[in-house]
Amino acid sequence: MLFCGINPGLMSAATGHHFARPGNRFWPVLHLSGFTPRLLRPDEQEELLAYGLGITNVVARPTARADELSREEYREGGRVLAEKVERLAPRLLAVVGVTAYRTAFDEPKAVIGPQERTFGATRVWVLPNPSGLNAHWTTATMAEEFARLREAARTPEV
């Protein structure tokens, strides 16, 4: 499975580690949902490979906030991501951030959960954005959604 963030925040750009900002809930949610047996730190991101997980971003340009990205950057990032996914062929692509997914792939009505779109044989699932700025989701409800993906990934048709 390939997890895909929106773009690197300034802390992630400075450290070279995904979801590095202290308030980001990605790493706790990944653990609480059962993807990892323990809470990993951003500097331990390479350990994801041992669990069959990878991590990337829609847009490579770092910003303080995702709303600083242009529609064109999202669309170009979506094109590059689609090429990457077709080349790497993960079973699932999990995009964390419904607005980023909607914009990058011109899917304005997309909702959290499984998507109809595929990239080759890769199925797509949209997850809530784990940023501390996303007040619509608690850590617990986010972990439930991540766990739903984890359970779905166990079935052959997903």
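Computed values, structure above
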| read-out | value |
| --- | --- |
| Filtered residue count, the range 15-42, keeping only those that are among the polar types (S, T, N, Q) and in contact (Cβ under 8 Å) with a residue 60 or more places away in the chain | 2 |
| Residues of the range 26-55 classified as part of a loop (DSSP other than H, G, I, E, B) and more than 24 Å from W137 (Cα to Cα), total | 1 |
| Verdict on A152 being of a type in the set (A, V, I, L, M, F, W, C) and either surrounded by fewer than 16 Cβ atoms within 10 Å (Cβ to Cβ) or part of a helix (DSSP H, G or I) (or both) | yes |
| Condition met for T15 (in contact with an Asp or Glu (Cβ under 8 Å, 6 or more places away or on another chain) and over 29 Å from G120 (Cβ atoms)) | yes |
| Subset tally (residues that are part of a helix (DSSP H, G or I) and either touching a residue at least 40 places away in the same chain (Cβ under 8 Å) or open to solvent by 10 Å² or more (accessible area, probe 1.4 Å) (or both)) for the range 65-94 | 20 |
| Check on E116, of a type in the set (D, E, K, R), free of Cβ contacts under 8 Å to residues at least 40 places away in the same chain, surrounded by fewer than 12 Cβ atoms within 10 Å (Cβ to Cβ) and part of a strand (DSSP E or B) | yes |
| Among (1) part of a helix (DSSP H, G or I); (2) surrounded by 13 or more Cβ atoms within 10 Å (Cβ to Cβ); (3) among the aliphatic types (A, V, I, L, M), the one test that A140 misses | (2) |
| Residue in the range 1-12 that is nearest to N134 (Cα to Cα), counting only those that are crowded, with 16+ Cβ neighbours inside 10 Å, more than 12 Å from the chain's Cα centre (by Cα) and in contact (Cβ under 8 Å) with a residue 24 or more places away in the chain | G9 |
| Criterion violated by F105 - all others in (1) loosely packed, with under 13 Cβ neighbours inside 10 Å; (2) over 15 Å from L2 (Cα atoms); (3) touching a strand residue (DSSP E or B) at 6+ places or on another chain (Cβ under 9 Å) satisfied | (1) |
| G97 vs. criteria of a type outside the set (D, E, K, R) and open to solvent by 10 Å² or more (accessible area, probe 1.4 Å) | no |
| Considering residues of the range 49-64 that are farther than 16 Å from V95 by Cβ and of a type outside the set (D, E, K, R) only, the residue least open to solvent (accessible area, probe 1.4 Å) | T63 |
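The values are calculated or read from the model by the stated rules, or taken from the named source; none is laboratory data. All values reported here derive from a predicted model rather than from experimental measurement. Heads up, the Cβs are rebuilt from the backbone with ideal geometry, glycines too, and the neighbour counts pull from every protein chain shown. With ligands, DNA and RNA removed, areas are computed over all heavy atoms of the protein, side chains included. Shrake-Rupley method; radii C 1.70, N 1.55, O 1.52, S 1.80 Å.
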